[in-house]
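The values are calculated or read from the model by the stated rules, or taken from the named source; none is laboratory data. Every value quoted in this text rests on a predicted model; they were computed, and no experiment measured them. When we count neighbours, we look across all protein chains shown, and the Cβ atoms used for this are built from the backbone with ideal geometry, even at glycine.
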Amino acid sequence: MTPLLEIKSACRYFGGLHAVEDFSGHVKRGERVGLIGPNGAGKTTLFNLITCFTPLSSGAVFFDDTDISSLKAYRVARLGIARTFQNLRVMPNLSVFDNVSIGALGALGHSPFAALTKRANYANDIGRRTWDALEQTGLQDQASELAANLSYGKRKYLEIARALALSPRLLILDEPAAGLNDTETAQLAEFVLRLSGEGLSILLVEHDMNFVMSLCERVMVMASGRKIADGSPQEVSNDPVVLEAYLGSEEEAA
Ligand SMILES: Nc1ncnc2c1ncn2[C@@H]1O[C@H](COP(=O)(O)OP(=O)(O)OP(=O)(O)O)[C@@H](O)[C@H]1O
Ligand SMILES: [Mg+2]
């Protein structure tokens, strides 16, 4: 069976900067995959390529055997890839419910503008998807709160709720544990594991190595835009090329 997500020789250049260079990789159905690498390695850019927030310079991305390389971002979301952002994109002046319903609107496959104008036609479907996502993330009691009033930790779940409201098959998380304390990070790991147990495939970037190594079945490592390793947590953490990439980047930073 072909993988759920397949990235083939993806490249993304910003002028002369090779942010992503000839990256190939995959996520199988139901798999939990981590993507790690030093700051500036190209991880977020790769996520932007997969979700079509940024166009590829060359290469291709396949999702469930469909070439999604040149689709609009909202069509990719509709096909079943949902994501969260490294810098939270919660709308502070909207209620928790309305923030999540934006994700549910996305599931209907309209452009954001068409989705808003046709919202009334789909109110029941949007409401059901939104409540399901709020319940999954434990935010149902705060549905009518302004997002601005949520704690930072809860806002991270709000981002995930918005992604889940799309009923995705692949959930892409960009640094979900950043800014969380140890207890919150452990709870998040349990939560992601539960989602995975329900059949969702997961691809995540995270700098917290304990989180990645305990949660992910496979880890891909990126440095300077390229994939430098791909294997079990144990394999990559003992790989001299990976250790060198991290040590090298610390020396540069010093
Ligand atoms: N829109 C853009 N225009 C120009 N350069 C960009 C753009 N987006 C990213 N870059 C550059 O591409 C490189 C990779 O950035 P990216 O954000 O993908 O790294 P990252 O691995 O996610 O890093 P971090 O761990 O710090 O989040 C960096 O040098 C960054 O400055
Ligand atoms: Mg990043």
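Being out of contact with any helix residue (DSSP H, G or I) (no Cβ under 8 Å at 6 or more places or on another chain), closer than 20 Å to Ala41 by Cβ, of a type in the set (A, V, I, L, M, F, W, C) and within 14 Å of ligand 2 (Cβ to nearest atom) is the requirement here; does Ala178 meet it?
Values: out of contact with any helix residue (DSSP H, G or I) (no Cβ under 8 Å at 6 or more places or on another chain): yes; closer than 20 Å to Ala41 by Cβ: yes; of a type in the set (A, V, I, L, M, F, W, C): yes; within 14 Å of ligand 2 (Cβ to nearest atom): yes.
Yes; evaluated as a whole, the condition is true for this residue.
Need at least 2 residues that are in contact with a Ser or Thr (Cβ under 7 Å, 6 or more places away or on another chain) and within 16 Å of ligand 2 (Cβ to nearest atom) per element, so show me which strands (runs of 3 or more DSSP E) inside the stretch 17-109 make the cut, counting only ones lying wholly within it.
Working: elements: 17-27, 32-36, 58-63, 81-83.
So the answer is 17-27.
Check Arg75, Arg155, Arg129, Arg162 and return the single one that is in contact (Cβ under 8 Å) with a residue 12 or more places away in the chain and in the same structural domain as Ile7 (by TED's automatic domain parsing).
None of the other options fit; the residue is Arg75.
Give Met209, Met220 a once-over and let me know the one that is surrounded by fewer than 18 Cβ atoms within 10 Å (Cβ to Cβ), among the aliphatic types (A, V, I, L, M) and either within 30 Å of Phe63 (Cα to Cα) or not assigned by TED's automatic domain parsing to the domain that holds Val27 (or both). Before the answer, list the steps.
Values: Met220 fails: surrounded by fewer than 18 Cβ atoms within 10 Å (Cβ to Cβ).
When all the criteria are applied, what remains is Met209.
Condition first: away from ligand 1 (no atom under 16 Å from the Cβ) and over 12 Å from the mean Cα position of the chain (by Cα). Now tell me which residues in the stretch 11-57 satisfy that.
Hits for the stretch 11-57 are Ser24, His26, Val27, Lys28, Arg29, Gly30, Glu31.
Yes or no, residue by residue, for (1) loosely packed, with under 15 Cβ neighbours inside 10 Å; (2) part of a helix (DSSP H, G or I); (3) within 16 Å of ligand 1 (Cβ to nearest atom):
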residue	(1), (2), (3)
Tyr122	no, yes, no
Asp125	yes, yes, no
Ala133	no, yes, no
Asp141	yes, yes, no
Ala148	yes, yes, no
Ala163	no, yes, no
Ile172	no, no, yes
Leu188	no, yes, no
Arg194	yes, yes, no
